[in-house]
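The values are calculated or read from the model by the stated rules, or taken from the named source; none is laboratory data. These numbers come from a predicted model, not from an experiment. A quick note on method: Cβ atoms are made from the backbone with ideal geometry, for glycine too, and the neighbour counts reach across all protein chains shown. Just the protein is used for accessible areas: all its heavy atoms, side chains included, with ligands, DNA and RNA removed. Shrake-Rupley method; radii C 1.70, N 1.55, O 1.52, S 1.80 Å.
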Amino acid sequence: MKHRIEILGKGHDRSAFDCGVPELDAYLRTQAGQDARRFAAAPYVLCEQGQTRVIGYYTLSTMSIDLVELPQTLATRLPRYPVIPAILIGRLALDRRFHGQGLGEHLLLDALHRCARQAHVVAAAAVVVEAMHDKAAHFYRHYDFTPFPDSPRRLFIPMQTIIKLFPKPNQ
Ligand SMILES: CC(C)(COP(=O)(O)OP(=O)(O)OC[C@H]1O[C@@H](n2cnc3c(N)ncnc32)[C@H](O)[C@@H]1OP(=O)(O)O)[C@@H](O)C(=O)NCCC(=O)NCCS
């Protein structure tokens, strides 16, 4: 089955989305559209080809990180400013009917690829994720995200690491 990922629009059906985390389901159904209209977050949705039903989504927005919050080993790989620009993957979820088939990875890599392309236009030195629970944090650690020392469900990956995954971004 082929899939597509695109910005959330009026034609997408979000009513049946069920990822197993009620807050993430409710966000997609009731808040994501408003966040998009107000430029608070950009929601991207995953659908099967030819379908309008949303089976996965993630959100992107900008943020900043205090350099002192990061582990020393990572901080040394970043610019020496007190605050550095970053992109936040605020939410990422897949309908539970589709778990365990590689689509979570597909969503995450699409988000990271989009961040890499964007960083060539508006700089961001890192991508941060907010994991809703410990299991989600493990998912991100599987992809080499590093937890913030004081906040293990907030994780971080340098843009330089991401760029190596996507060496020739399409502009
Ligand atoms: C987290 C989530 C997106 C994973 O999606 P998925 O489609 O089941 O995961 P995939 O099948 O793509 O798995 C990709 C890889 O991640 C690993 N993985 C999946 N969930 C994992 C977890 N909780 N901990 C560690 N690794 C995990 C898989 O083993 C697989 O690795 P492999 O290719 O080396 O075997 C999905 O379970 C989900 O939406 N959960 C509910 C919402 C949620 O918790 N979101 C997290 C952000 S708040």
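Residues in the range 125-161 that are acidic (D, E) and within 9 Å of the ligand (Cβ to nearest atom): E130, D134. Is it true that some residue in the range 103-124 is more than 9 Å from the ligand (Cβ to nearest atom), of a type outside the set (S, T, N, Q), in contact with a Lys or Arg (Cβ under 9 Å, 6 or more places away or on another chain) and open to solvent by less than 50 Å² (accessible area, probe 1.4 Å)? Looking for residues that are more than 9 Å from the ligand (Cβ to nearest atom), of a type outside the set (S, T, N, Q), in contact with a Lys or Arg (Cβ under 9 Å, 6 or more places away or on another chain) and open to solvent by less than 50 Å² (accessible area, probe 1.4 Å), one finds none in the range 103-124, hence no. Hey, can you tell me all the residues within the range 83-92 that are of a type in the set (A, V, I, L, M, F, W, C) and farther than 17 Å from A131 by Cβ? Listed by number, the residues that qualify are V83, I84.
Rundown of residues vs (1) away from the ligand (no atom under 12 Å from the Cβ); (2) aromatic (F, W, Y); (3) without any contact (Cβ under 8 Å) to a residue 12 or more places away in the chain; (4) touching a Gly at 6+ places or on another chain (Cβ under 8 Å), yes/no style:
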{"site": "C47", "(1), (2), (3), (4)": "yes, no, no, no"}
{"site": "T52", "(1), (2), (3), (4)": "yes, no, no, yes"}
{"site": "M63", "(1), (2), (3), (4)": "yes, no, no, no"}
{"site": "L74", "(1), (2), (3), (4)": "yes, no, no, no"}
{"site": "R80", "(1), (2), (3), (4)": "yes, no, no, no"}
{"site": "V83", "(1), (2), (3), (4)": "yes, no, no, no"}
{"site": "A86", "(1), (2), (3), (4)": "yes, no, no, no"}
{"site": "A93", "(1), (2), (3), (4)": "no, no, no, yes"}
{"site": "R96", "(1), (2), (3), (4)": "no, no, no, yes"}
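So that you can scan it fast, the table gives a plain yes or no per residue for (1) open to solvent by less than 30 Å² (accessible area, probe 1.4 Å); (2) among the β-branched types (V, I, T); (3) closer than 15 Å to V129 by Cα:
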{"residue": "D13", "(1), (2), (3)": "no, no, no"}
{"residue": "G50", "(1), (2), (3)": "no, no, no"}
{"residue": "Y57", "(1), (2), (3)": "yes, no, yes"}
{"residue": "Y81", "(1), (2), (3)": "no, no, no"}
{"residue": "L94", "(1), (2), (3)": "yes, no, no"}
{"residue": "Q101", "(1), (2), (3)": "no, no, no"}
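So that you can scan it fast, the table gives a plain yes or no per residue for (1) in contact with a Lys or Arg (Cβ under 7 Å, 6 or more places away or on another chain); (2) within 20 Å of P43 (Cβ to Cβ); (3) aliphatic (A, V, I, L, M):
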residue: V128; (1), (2), (3): yes, yes, yes
residue: R141; (1), (2), (3): no, no, no
residue: F145; (1), (2), (3): no, no, no
residue: R153; (1), (2), (3): no, no, no
residue: I163; (1), (2), (3): no, no, yes
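Cβ contacts < 9 Å: first residue farther than 23 Å from F39 by Cα, restricted to the range 9-26; second residue in a loop (DSSP other than H, G, I, E, B) and open to solvent by 30 Å² or more (accessible area, probe 1.4 Å), any location; separation 6+ or different chain. Result? Once the first residue is farther than 23 Å from F39 by Cα and sits in the range 9-26, its partners that are in a loop (DSSP other than H, G, I, E, B) and open to solvent by 30 Å² or more (accessible area, probe 1.4 Å) give C19/H99; G20/H99; V21/M132; V21/H133.
The one condition from (1) out of contact with any helix residue (DSSP H, G or I) (no Cβ under 9 Å at 6 or more places or on another chain); (2) buried (at least 16 other Cβ atoms within 10 Å of the Cβ) that H3 does not meet is (1).
Take the residues of the range 15-48 that are open to solvent by 10 Å² or more (accessible area, probe 1.4 Å) and in a strand (DSSP E or B): which is nearest to R97 (Cα to Cα)? Checked the range 15-48; the qualifying residue nearest to R97 (Cα to Cα) is E48. Exactly one residue among F39, F98, F17 is modelled with pLDDT of 95 or more, on the phi > 0 side of the Ramachandran plot and of a type in the set (A, V, I, L, M, F, W, C), and that residue is F39.
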